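The values are calculated or read from the model by the stated rules, or taken from the named source; none is laboratory data. The model shown is predicted, which means the values in this text are computed figures rather than measured ones. FYI the Cβ positions are ideal-geometry reconstructions off the backbone, even for glycines, and counts take in every protein chain you see. Only protein heavy atoms, including side chains, enter the accessible area calculation; ligands, DNA and RNA are left aside. Shrake-Rupley method; radii C 1.70, N 1.55, O 1.52, S 1.80 Å.
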Amino acid sequence: MKKGMIVLFAAGLVLAGCSDKNKGGLIVPPAPPVAGMAYYLDCFGHEDSNPAPSLSKTKDPKHLVSEMRKTVLNRLDAIIDYNANYCKNIFKKEVRQRFSSSMPTLNAMPSASPNVAAPSASSNEAQPESFTGTNLQEAGVDEADLIKTDGLRAYSIHGKKLKITRVWPAESFGAEGEIEIKGESKSLFLLEANKVAVLSRLKDQTQVTFIDVSNPAEPKVIKESKYSGALVSERAVNGFLHLVFNAPIMDFNENYWLKDSALPKCDGSDTPENIAVYRSALMRLKGEKKKEIESLDFSKITKVLAPSVGAVAEYYYSADTFGDSVVRVVTLDTKNIQSPEKQTFVLGGVNMVYASSTSLFAADTQWSTTRIHRFDIVKQPVYTGSTSVDGRLINSFAMGEYKNVLRVATDLGNRTQLSTLDSKDVKLGLLGKVEDIGKGEDLYAVRFLGDRGYAVTFKKVDPLFVIDLADPRNPKIAGELKVPGFSQYLHPVEDSQLIGLGKDADDQGSFAWFQGLKLSLFDVKEATSPKELHAVVIGGRGTGSEAAYDHHAFTFDLSQRLLAIPVTVFKETQGGGSFGAFEYSGLQLYKVGAERGFELIGTLKLSGTDFSEVDTPWGRSSYESTIRRSLLIGDASGTMLVTYRNDGVGLHTLDENLTEIDSVQMNEEMR
């Protein structure tokens, strides 16, 4: 066997998962699927949630290369530890059959409150009294999106262009300017001092283009920066733009395959004697591979990620780091974009990012454990500590910081766990924990608001849990509500109410079929007795909304209690697993109130779309004309609706048809 083969084995990237066909081979736990997490954990067990040791700092990037040997050995230890329990667990017939049916085979290396910006309008331009911006997880912590507004103008990306559209007042609506961007634009920020930052993709790089929009008719590029690695997430807060990348450090140009013939065999019996023989063979293999790994020259198979020219760089590593990637946090001063940027490199991976006004948390889920690193971002980012918790994060809303306490909700497959951590402690020490939330169910939604947490789990009905976090050392479930269906996104209306957006469900006894799109209004004034005040179901099975899985598509104007969501609607059926016919794609606008519930103000049905052109249960095809975002802008004389599509921006009245009175198409000439 070639020495080069050991690296991929130790990184655990290309071996088959837990299934009956692989009794003769070593089992490498892949990333668990979203569904079937319980079977994953039954098969491979849980990793202990011991706090991760703090990261060490170095100024020499070459030191990361020397640390790679340790990370590969750590991975080897973890793989052997999991496989040591393989015979014992895999022959639980029910677990094996259910798990193997949902587990993908790994046969190849994986590829790697409204926000308002300072208006750019001059003092003599009439301002709207109110307008919605990007729907944010945390107030004051901006997130990149497809469209931004300062109330007078909308700045939106369309293919390779940034387009500037006058949206207020209505009689002035129209295209004002545009500029071409290198690469395919993905999202943008509207920054202070009449600047826009557009994020675009150029082959294997991300480009950040800063544009001066002080003259909307003639926007000008003032800086372009390129970065390698996959952009995971980004935030703008306290005058700084933070970009978080996941970049490979291992060189996979060679073939690092491991042959099954070299692996110990499991004979299908779970007797103590056979398990002992199997584990003994694994330990011998571990010793052999450890020697080979230690003999490799890692300087020849790893690469150092150098910072940008002039950047201030810091490098961190941890004694228990897994993986073959480097987390790269790039920080730019948005008030002085020509100043040297700061780049922070952390050995290890990242797949989830959350930020408060003072902290940025980079999380990485490895099998059944999530590692979390904290950076202080009051000014330039400073690494402050690390920890690990059991389970996986479903999205960024599963983390939330309040009064120096990080609350984390993790899905353990058949139950949910909520941990409270001291965010000022170097080890992010555990303060308290709530275990076995929604036992036997999967986690679908989380929201942390003040001294409360809300979690939605689901198997056949939607238990909404209200969690009292007033005492971080003694968090506890205060109340629970069971209703049909489930929420995928929770949005605060005020202190005493929540809107839930998700799916209705048809209970079949041992399981439930997803049905139409469901909106719920919850009364959570009394934590011990939450109530569903009102609910409305849109369409039948197959009906969906981008807002259910991307909160940026959810538009809520609290002052007017207006809710706008894009929808793709299928006709209702008699329940069960059958889909109705596609009906329309468009947007629905509601007035939300405690007494009358969801009052439908209007429905926008787009013409010229069919089933293949919209967001369907099986993925998207062409959706240039599908509504993806919306804005509400108005004053005492009335409110207008602005819609964003990939091919343009529209202006609509708030009548029953949400009639479009004007639009700007992507290729329209500037006036």
> Does Lys525 satisfy the criteria of being under 20 Å from Ala455 (Cα atoms) and either surrounded by 21 or more Cβ atoms within 10 Å (Cβ to Cβ) or in contact with a Pro (Cβ under 7 Å, 6 or more places away or on another chain) (or both)?
Replying inline: no
> Among all residue pairs at least 6 apart or on different chains, which show Cβ distances below 6 Å where the first residue, located in the range 154-165, is among the charged types (D, E, K, R) and the second is in a strand (DSSP E or B) and open to solvent by less than 10 Å² (accessible area, probe 1.4 Å)?
Replying inline: Lys163/Ser156
>> Can you find, within the range 530-559, the residue that is surrounded by the most Cβ atoms within 10 Å (Cβ to Cβ) among those that are under 30 Å from Asp142 (Cα atoms) and among the small types (Gly, Ala, Ser)?
In response: Ala547
> Counting only residues that are surrounded by 14 or more Cβ atoms within 10 Å (Cβ to Cβ), at pLDDT 55 or above and more than 11 Å from Val567 (Cβ to Cβ), how many does the range 600-614 have?
Replying inline: 2
> Given the conditions (1) farther than 24 Å from Leu136 by Cα; (2) in contact with a strand residue (DSSP E or B) (Cβ under 6 Å, 6 or more places away or on another chain); (3) open to solvent by 10 Å² or more (accessible area, probe 1.4 Å); (4) not polar (S, T, N, Q), and given that Gly516 satisfies all but one, which numbered condition is not satisfied?
Replying inline: (3)
> Which number in (1) within 19 Å of Asn351 (Cα to Cα); (2) modelled with pLDDT of 75 or more marks the one condition that Gly239 misses?
Replying inline: (1)
> Can we say Glu125 is charged (D, E, K, R), within 23 Å of the chain's Cα centre (by Cα) and either modelled with pLDDT under 95 or part of a loop (DSSP other than H, G, I, E, B) (or both)?
Replying inline: no
> From the list Val426, Val461, which residue is under 25 Å from Phe514 (Cβ atoms), modelled with pLDDT under 95 and surrounded by fewer than 21 Cβ atoms within 10 Å (Cβ to Cβ)?
Replying inline: Val461
> Quick one: is Leu421 in contact with a Ser or Thr (Cβ under 7 Å, 6 or more places away or on another chain), farther than 18 Å from Leu521 by Cβ and open to solvent by 20 Å² or more (accessible area, probe 1.4 Å)?
Replying inline: no
>> So, restricting to strands (runs of 3 or more DSSP E) that lie completely within the range 266-356, which ones have at least 2 residues that are within 24 Å of the chain's Cα centre (by Cα), surrounded by 15 or more Cβ atoms within 10 Å (Cβ to Cβ) and modelled with pLDDT of 85 or more?
In response: 325-333, 342-347, 352-355
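To keep it simple, each residue is scored yes or no on (1) on the phi > 0 side of the Ramachandran plot; (2) assigned to a strand (DSSP E or B); (3) in contact with a Ser or Thr (Cβ under 6 Å, 6 or more places away or on another chain); (4) acidic (Asp, Glu).
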{"site": "Ile164", "(1), (2), (3), (4)": "no, yes, no, no"}
{"site": "Lys182", "(1), (2), (3), (4)": "no, no, no, no"}
{"site": "Leu190", "(1), (2), (3), (4)": "no, yes, no, no"}
{"site": "Val196", "(1), (2), (3), (4)": "no, yes, no, no"}
{"site": "Leu199", "(1), (2), (3), (4)": "no, yes, yes, no"}
{"site": "Thr206", "(1), (2), (3), (4)": "no, yes, no, no"}
